[in-house]
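Note sheet for the following structure.
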Amino acid sequence: DTLSTEEVDTLIAGVDSSSRHAFRNRCMLELLYSCGLRVSELTQLNKSDLFFEKGLIRIRGKGEKLRWVPVADSASTLIKEYMKKKHTPAKGFEDRLFLNNRGKELTRNMVFAIVKKAALVANINKNVSPHTLRHSFATHLVENGADIQLVQHMMGHASITTTERYIHMSQRHL
């Protein structure tokens, strides 16, 4: 499934505000969508990977390949605010951006649960996962005229054929 931009906004706003990690969860959803991140890329993101003054974040993708992805002003503003809050990292996780209750790296399952709960709260009746946000990101870029090679780079696809499926989806949309 692909979410519309309105559904993405509703999903991000649908983070359970009563949760003590509501702000962290909102930041994570924003980054998953606005940067087209994989779950593993999100959970392994470090503070030292943030280059907001340049409008970029450094992503370690599959096979430890590094790529640079533009970060939206809205996302960088949220992350800066999030980083001002006190977090107590466990030893070895001092640089990790998003932490669990024990100060360690979030698991993929935790991120899936956060996305599913936000979709439930937002009353989105689609099969929504973190990959849905990544898929929606690429689809929206192509629908709005982004160059396919730029999308390929931002997604971290080794092959252009992997990225080309978004062109076909965009053509169906048109």
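The values are calculated or read from the model by the stated rules, or taken from the named source; none is laboratory data. Treat the numbers as computed from the prediction; the structure is a model and nothing was measured. Cβ sites come from the backbone with ideal geometry, for glycine too, and all protein chains shown count toward neighbours. Heavy atoms of the whole protein, side chains included, go into the accessibility calculation; ligands, DNA and RNA do not. Shrake-Rupley method; radii C 1.70, N 1.55, O 1.52, S 1.80 Å.
Listing for the model above:
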read-out: The chain, relative contact order [Cα under 8 Å, separation at least 6], %; value: 29
read-out: Cleavage-rule hits, trypsin sites (Lys or Arg not before Pro), the range 6-63, DSSP coil, Cβ neighbours within 10 Å at most 14; value: Arg20
read-out: Signed unit charges on C-beta, dipole axis of the chain, positive-most listed residue Phe52, Asn101, Gly14; value: Asn101
read-out: Sequence-distant aspartates and glutamates (8 or more away, or on other chains) whose Cα lies within less than 12 Å of Lys47; value: Glu94, Asp95
read-out: Fraction of accessible area attributable to carbon and sulfur, the range 1-122 (%, probe 1.4 Å); value: 51
read-out: Reach of Lys126 by Cα under 16 Å, taken over aspartates and glutamates that are not fewer than 8 positions away in the same chain; value: Asp1, Glu6, Glu7, Asp9
read-out: Solvent exposure of the range 1-129 as accessible area per residue, Å², 1.4 Å probe; value: 54
read-out: Global geometry of the range 70-168, whether rounded, prolate or oblate, following the gyration tensor of its Cα atoms and the 1.5 cut on a/c; value: prolate
read-out: Whether the range 27-93 is rounded, prolate or oblate, judged on the alpha carbon gyration tensor where a/c under 1.5 counts as rounded; value: oblate
read-out: Whether the chain is rounded, prolate or oblate, judged on the alpha carbon gyration tensor where a/c under 1.5 counts as rounded; value: oblate
read-out: Model label zone, Phe52; criterion: amide N under 16 Å from point 7 Å along Cα-to-beta-carbon; scope the range 62-103; value: 70-87, 96-98
read-out: Leu66, Leu45, reordered so the largest accessible area comes first (probe 1.4 Å); value: Leu66, Leu45
read-out: Charge dipole magnitude, Cβ of K and R +1, D and E -1 - the chain, Cα centre, debye nearest 20; value: 820
